[in-house]
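Down below is the structure, laid out as structure tokens.
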Amino acid sequence: MMRDRFGREINYLRVSLTDRCNLRCEYCMPEDGIKNKIPHCDMLSLEELYKITEMFVKVGIDKIRFTGGEPLVRYGAVDLIKKVKALQGVKEVTLTTNGILLEDKLQELVDAGVKRLNISLDTLDPEKYKQITRGGDINKVLNGIEKAKKLGINPIKINTVLIGGFNDGEIPEFVELTRNGGIDVRFIELMPIGEASGFAKSKFISNEEILKRVPELEAIEREDPSSPATYYRLPDGKGKVGLINPISCKFCTNCNRVRLTATGKLKLCLHSNREIDLRKILREGGDLEKIIRESILTKEEEHHLENEEYITRNMNQIGG
């Protein structure tokens, strides 16, 4: 077991496989994509990603989520996931994806040990989806969701960033997806990160709006204290509706996660610019276990978004 200096058990690692993505969502990436692409030598190889992840598991991490950019655009991603899932001590491997490649990759992912998925989806309208993603095809995502249901992925979590004037009118439709079970929907407040810093100020809408639009939602007990979401359910619903409020309601007290970027930087807090270079430690033959343990003890107590202390890197560079 690994704890930080505030007594929080740190058992959850989010691993970004790449900063590349096959979409250009307005609040995540510049319209023309990545201007200064990271040189190949600065990216962690799959073997290096495995070695660092293996060390995190050794010191107490038992839950690992693979993210990006879009993780499925990284060649060899599924093989790495399978290899990590086989590590002794790993209880769960999960994936956050935009769903564009999901239908084709899903059987391989299930065979690799993925039993839960988070799919980013900000609108159910094909034209609006094309607009917010700058060209994406929502049908590919919906086909992937249907296939995930058939293959027994349960629950499928839909992550929806709430954007004022864009998708707040679809709140009841998203909530309705949870009625029959198999799908949970989590609404996430728009965070002022990198490209989205200015965008978020004009488009921010509190998750409290969801409870106003769908007043019949009933609060349910939080199953996992470390989860950033507070959960609700329709009176006759089987699935859950989660509200993630990093701006209006902090969940730092129970934070149990750290992040590893595709370039080998350890981020102890999503909303801090501070990073620790594990790639350098690994490549120079340093004591990786010692550095990880010492770094965990410096994890920030809380973020300060309420004071407009925003980070400069885009979300695709950090890992979703």
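Summary of values
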quantity	calculated
Cβ-Cβ under 7 Å pairs, at least 6 apart or on other chains, segment 76-93 side within 16 Å of S16 (Cα to Cα), far side assigned to a helix (DSSP H, G or I) and of a type in the set (K, R)	V78/K105; V93/K85
Answer residue from segment 146-164, given it is out of contact with any Gly (no Cβ under 7 Å at 6 or more places or on another chain) and part of a helix (DSSP H, G or I) and is surrounded by the most Cβ atoms within 10 Å (Cβ to Cβ) among those	A148
Scope segment 99-126; condition closer than 17 Å to I64 by Cβ, part of a loop (DSSP other than H, G, I, E, B), out of contact with any helix residue (DSSP H, G or I) (no Cβ under 6 Å at 6 or more places or on another chain) and at pLDDT 95 or above; matching residues	V114
Within segment 165-200, considering residues that are part of a loop (DSSP other than H, G, I, E, B) and at pLDDT below 80, the one nearest to E26 (Cα to Cα)	E195
Residue list for segment 94-109, restricted to those being free of Cβ contacts under 8 Å to residues at least 60 places away in the same chain and buried (at least 16 other Cβ atoms within 10 Å of the Cβ)	T94, L95, T97, G99, L102, E103, K105, L106, L109
Top-ranked residue in segment 11-60 [being modelled with pLDDT of 95 or more and in contact with a Phe, Trp or Tyr (Cβ under 7 Å, 6 or more places away or on another chain); ranked as farthest from C269 (Cα to Cα)]	L17
Which numbered condition K203 fails, given (1) within 19 Å of L121 (Cβ to Cβ); (2) over 20 Å from the mean Cα position of the chain (by Cα); (3) at pLDDT 90 or above	(3)
Residue count for segment 110-134, restricted to those that are under 18 Å from the mean Cα position of the chain (by Cα), without any contact (Cβ under 8 Å) to a residue 60 or more places away in the chain, more than 13 Å from N159 (Cα to Cα) and surrounded by 19 or more Cβ atoms within 10 Å (Cβ to Cβ)	1
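The values are calculated or read from the model by the stated rules, or taken from the named source; none is laboratory data. The shown structure was predicted, so the numbers you read here are calculated from the model rather than taken from an experiment. A quick note on method: Cβ atoms are made from the backbone with ideal geometry, for glycine too, and the neighbour counts reach across all protein chains shown.
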